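The values are calculated or read from the model by the stated rules, or taken from the named source; none is laboratory data. In this text the structure is predicted, and so the values were computed from the model without any measurement. FYI the Cβ positions are ideal-geometry reconstructions off the backbone, even for glycines, and counts take in every protein chain you see. Just the protein is used for accessible areas: all its heavy atoms, side chains included, with ligands, DNA and RNA removed. Shrake-Rupley method; radii C 1.70, N 1.55, O 1.52, S 1.80 Å.
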Amino acid sequence: MQIWHHHPRSGELIAAGVADPDPLTEGAWLVPAFATAVAPPPAAPGTVAVFDVGAWSLVADHRGETWWSAAGDPVIITALGDPSDLGLLAEQPTPGAADPATLPLLSRRQVLFGLFEDGFITLAEFEASATAE
């Protein structure tokens with residue numbers, strides 16, 4: 001009888017094997033600990049079959065890949081699962097790039113004053129535009 005061995009902690013599929021016949025019960029098989037007669041599903045690229053609570057599931061496998069923290073620090077993935085569930089990013093964030101959702105909102109007057117300070121408009125244009133709301 002075909003059996004599948006899985007890791008004792010992670011449940012990850014390790015190998016297929018053949019169960020030994022039970023010498024005491026005719027027609028019965030000996031399935032060792034951390035093995036099952038339940039066939040695993042075929043694993044797609046980037047996934048691995050994991051046995052847990054009597055059933056197989058497919059879990060993301062990014063081990064050995066470098067992901068990034070929001071601060072831009074590299075993180076080498078060493079465990080099964082989706083790193084994005086931990087807030088990690090698949091691409092290194094651009095230094096100094098801000099999330100638009102966290103940027104402060106500016107009033108029309110503040111934007112115009114910034115344009116004036118940077119020399120893009122004159123004082124007269126600033127005053128005319130700031131009062132023409």
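Some values worked out for this structure:
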read-out	value
In the range 100-133, residue modelled with the lowest pLDDT [restricted to those that are assigned to a helix (DSSP H, G or I) and of a type in the set (A, V, I, L, M)]	ALA101
Tally, over the range 1-24, of residues that are open to solvent by 70 Å² or more (accessible area, probe 1.4 Å), more than 24 Å from ASP82 (Cα to Cα) and of a type in the set (Val, Ile, Thr)	1
Flag if ALA60 is touching a Phe, Trp or Tyr at 6+ places or on another chain (Cβ under 9 Å) and at pLDDT 95 or above	no
Any hit, the range 39-48, residues being over 17 Å from the mean Cα position of the chain (by Cα) and surrounded by 14 or more Cβ atoms within 10 Å (Cβ to Cβ)	yes
Residue ranges of strands (runs of 3 or more DSSP E) in the range 30-99 with at least 3 members among the small types (Gly, Ala, Ser) and within 15 Å of GLU12 (Cβ to Cβ)	55-60
THR36 being touching a strand residue (DSSP E or B) at 6+ places or on another chain (Cβ under 8 Å) and either closer than 17 Å to ILE3 by Cβ or touching a residue at least 60 places away in the same chain (Cβ under 8 Å) (or both)	yes
